[in-house]
Amino acid sequence: MQLREQLTLEHQAWSLQKHWGAQKRVTWWDKSLIRVLTVLMVLASPLAQGATLGPDPAAVAGIKAGKADCVNCDLRGADLSHQCVKTGDLSGAQFDDAKLVMMCMSFANFSGASFRGADLAGANLAHAKLDGADFTGANLSITSFKGTDLSRAHGLTQSQLDQACSDKDTKPPAGMTPKLCS
């Protein structure tokens with residue numbers, strides 16, 4: 001055990017003693033219990049469970065620099081408005097709560113990507129590959145899905161499709177009708 005860990009452990013033990021109001025000697029059992037509780041607190045923290053503080057800065061910078069490929073990258077909450085990833089591979093990318101207004105995304109691969117709560121107003125997803133993509137709660141106002149197969153996308157509602165633009169080649173999810181735009 002390093003000195004820093006030992007001091008931290010001693011401080012935690014002292015805090016527990018003070019809290020318990022007892023001035024007893026800290027035993028091996030007490031120290032072990034403190035270690036277990038500390039590990040459990042760390043494992044239960046949001047960061048340990050996969051939460052992040054924001055999008056991957058390198059991934060955002062790459063897209064803004066014109067790099068169209070970003071497989072499985074974390075772009076949650078990023079502002080990528082007016083950027084272009086045409087023909088890129090962004091399969092598995094996380095765009096949750098991202099601002100993707102007027103983004104050029106045509107012919108790109110977004111298989112398994114998540115757009116939950118994203119703002120895709122005016123984005124161009126014509127001919128994009130969207131197998132398994134999740135659009136739950138996404139803003140699709142004037143989003144172009146021309147020539148796009150949406151039949152295996154998830155989280156789409158008829159209301160979202162009524163706000164988006166499609167053509168005769170767009171394949172909607174079962175039971176839905178796309179809005180045709182000229």
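The values are calculated or read from the model by the stated rules, or taken from the named source; none is laboratory data. Quick caveat: nothing in here was measured; it's all calculated off a predicted structure. Every residue, glycine among them, receives a Cβ derived from its backbone with ideal geometry; neighbour counts consider all protein chains shown.
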- Please indicate, with yes or no, whether at least one residue in the range 167-176 is touching a helix residue (DSSP H, G or I) at 6+ places or on another chain (Cβ under 7 Å) and surrounded by fewer than 24 Cβ atoms within 10 Å (Cβ to Cβ). yes
- Task: State yes or no: is SER91 closer than 21 Å to ASP69 by Cβ, assigned by TED's automatic domain parsing to the domain that holds PRO178, touching a Phe, Trp or Tyr at 6+ places or on another chain (Cβ under 9 Å) and part of a loop (DSSP other than H, G, I, E, B)?
- Result: yes
- Are any of the residues in the range 65-79 modelled with pLDDT under 95, under 20 Å from ASP119 (Cα atoms) and either in contact with a helix residue (DSSP H, G or I) (Cβ under 9 Å, 6 or more places away or on another chain) or part of a loop (DSSP other than H, G, I, E, B) (or both)? yes
- Item | Top-ranked residue in the range 130-182 [being more than 18 Å from LEU90 (Cα to Cα) and among the aliphatic types (A, V, I, L, M); ranked as farthest from the chain's Cα centre (by Cα)] | LEU180
- Task: Could you tell me whether the range 79-86 includes any residue that is of a type in the set (Gly, Ala, Ser), in contact (Cβ under 8 Å) with a residue 12 or more places away in the chain and closer than 18 Å to ASP149 by Cα?
- Result: no
- Out of the residues in the range 156-166 that are of a type in the set (A, V, I, L, M) and part of a loop (DSSP other than H, G, I, E, B), state the one that is surrounded by the most Cβ atoms within 10 Å (Cβ to Cβ). ALA164
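Against the definition (in contact with a helix residue (DSSP H, G or I) (Cβ under 9 Å, 6 or more places away or on another chain), of a type in the set (Gly, Ala, Ser) and either in a loop (DSSP other than H, G, I, E, B) or assigned by TED's automatic domain parsing to the domain that holds ASP74 (or both)), how does GLY112 come out, yes or no?
no
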- Return a yes/no flag: does the range 136-151 have any residue that is in the same structural domain as LEU75 (by TED's automatic domain parsing) and under 21 Å from ASP56 (Cα atoms). yes
